[in-house]
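Below you'll find the structure, written out as structure tokens, and then a few comments.
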Amino acid sequence: MTSSVPVGATFAPDSPLDWSEPLVPGEVVLDERVAPNASWSAVVRKGHVLTIVDVGGNQSGDCLIYNAADTEERYSAPDTLAWQGNAYVRTGTVLRSNLGNPLMTVVGNEIDRQDTIGGACSKESNTLRYGHHVMFHHGCRENFLSEGQKHGLGLRDLVSNLNWFMNVPVEEDGALGIVDGMSAPGKRVAVRAEMDVLVLVSNCPQMNNPCNDFNPTPLRMLVVEP
Amino acid sequence: MTDTVLNAREDARARGGQTSEWMPYLPASSSPYCPDGVEPSALTWAETVAPGGYTHKVVARGTRIRFDDPTGDACAHVIVYNALEPVERLNVADTLKIPWQAYLDAGHPLLSGDGRVLASIVGDTSGHHDAFCGTTTEAWCLQKYGDAAPEGPFPAGRSLFVKAAAKHGLAPRDLPPSVSFFQGVRVDADGAFEWRGSAGEGKSVELLAELPLLVLVANVPHPLDPRADYVVGPLRVHAWRSKPTGPDDDRFQVTPEAHRAYLNTIDYAEARGL
Ligand SMILES: [Zn+2]
């Protein structure tokens, strides 16, 4: 069957892929693959550890986290940063909610720093960044809306998110932007749930900047009970 | 004497006409602090917000909003919404990422998540602001001050935003990350926040409403304020009628990103007949 719908890019057939394995030992309770451009969600139980594998390297996994029992409590980038006094997410970073409570903790991380400043890409912001000719491109905000509605979440529930494997340095004069990633095929981050959490992930479809190496690749989501 | 209704009415009415350090001025033209160069009759909002207080207002497209920090200790935590569709609201990530700049100053647009400019920063004599740390939560105030009751001496910024939002029919889920003016933070090479604090007394910031806006303001200490005590000064707010950014303004084409953001904003306004 053919379609005239313009679809997003996917990875080149010769791209090296490393599906890796959980970063933290334990019984695997979930093992799913997220195709390029697609979205994903799951409830991760308190104490379980979610490993996200950057299968093809430098693939941004945009991520939002909610208290599974009350989604009005959700991930807060400013609370996460203010409590730790640092703009970057690294091993040990406690991912906090809008109430200041720990939602998850980064317990393993194979790249220097993870981002929570850059936010999600969207059709609308793409017009500012690249021009109106890319309005038809897919974006992470689209994925968050499609995935979020499965859990009763809408635009009001989208806030500044995490971007696993994306590189957003802040330079001395405040210059900030998405630059070439520091990740590689098979690199991982592991986050432990501090309460039952709903995790939304958008496998970023962006093709106008280096957040996906201009080559969108899959992500692997693994949850273990340690 | 308040023993009868008539006496109680007399007692109540005798309280009128007084002033306090922290109050709205009505009509706005009666403000004792009308900014230099502004016709008092053009004022549409004039107020001094108490330390630990908050305010909120729906303002017309083209309104110029000025925050003054008379003592050097104010910290204006601000969220702006498209008043016509509040689901469109300040998006701090886009506000930093799209202009390629983390530090707010004059010329910086405050962007929504919908690719439009909600407000432009059109004046800034402080330069000490923050778009990373948001405002304080009850959990933060509790661990720092030992108390966080919204009605007490250590209210959290979020507690105030919750109430301000509720007065416009909005729920806590309608509160995105905020920005703050008059208390600055910088990021060092390792990512650590360096406290810059205030630029001193008498500083001001001016915003220009590019769409009809709902403006929420909480005046509480910055979360990283190193002082052990809860120290925040009064915040003055004045607003007056002006014009939204258009093709004749320098900032309309200052960068390609800003240019397209203003185009999107004007496109929305035109379609709605604003
Ligand atoms: Zn994206």
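How many Cβ atoms of partner chains, on average, are near each residue of B:108-116 if near means within 10 Å of its Cβ?
Other-chain Cβ atoms within 10 Å of each residue's Cβ, averaged: 4.
Where Lys and Arg each count +1 and Asp and Glu each count -1, what net charge lies around B:Ala102 among other residues with Cβ under 12 Å from its Cβ?
Net local charge, B:Ala102 excluded: -3.
As I understand it, the dipole of the range B:50-271 uses +1 on the Cβ of Lys and Arg and -1 on the Cβ of Asp and Glu, about the Cα centre. Which of B:Ile98, B:Ala50, B:Thr135 lies farthest toward its positive end?
B:Ala50
Where does the charge balance sit around B:Arg236 when Lys and Arg score +1, Asp and Glu -1, over other residues with C-beta under 10 Å from its C-beta?
Taking every other residue near B:Arg236 into account, the sum is -2.
State the Cα centre-to-centre distance between the range B:189-225 and the range A:114-144 in whole Å.
Spelled out, the Cα-based centre of one part sits 26 Å from the other.
R0 = 60 Å: FRET efficiency of B:Met23 with A:Asp14, Cβ-based, nearest 0.05?
0.30
Per residue of A:111-123, count partner chain C-beta atoms within 10 Å of its C-beta, then hand back the mean as an integer.
Shielding by partners across A:111-123 averages 3.
Every number in this text was worked out from the coordinates using simple rules, so none of it is lab data. The structure presented is a predicted model; accordingly, all values stated were derived computationally and were not measured. Glycine also receives a Cβ, built like all others from the backbone with ideal geometry; neighbour counts cover every protein chain displayed.
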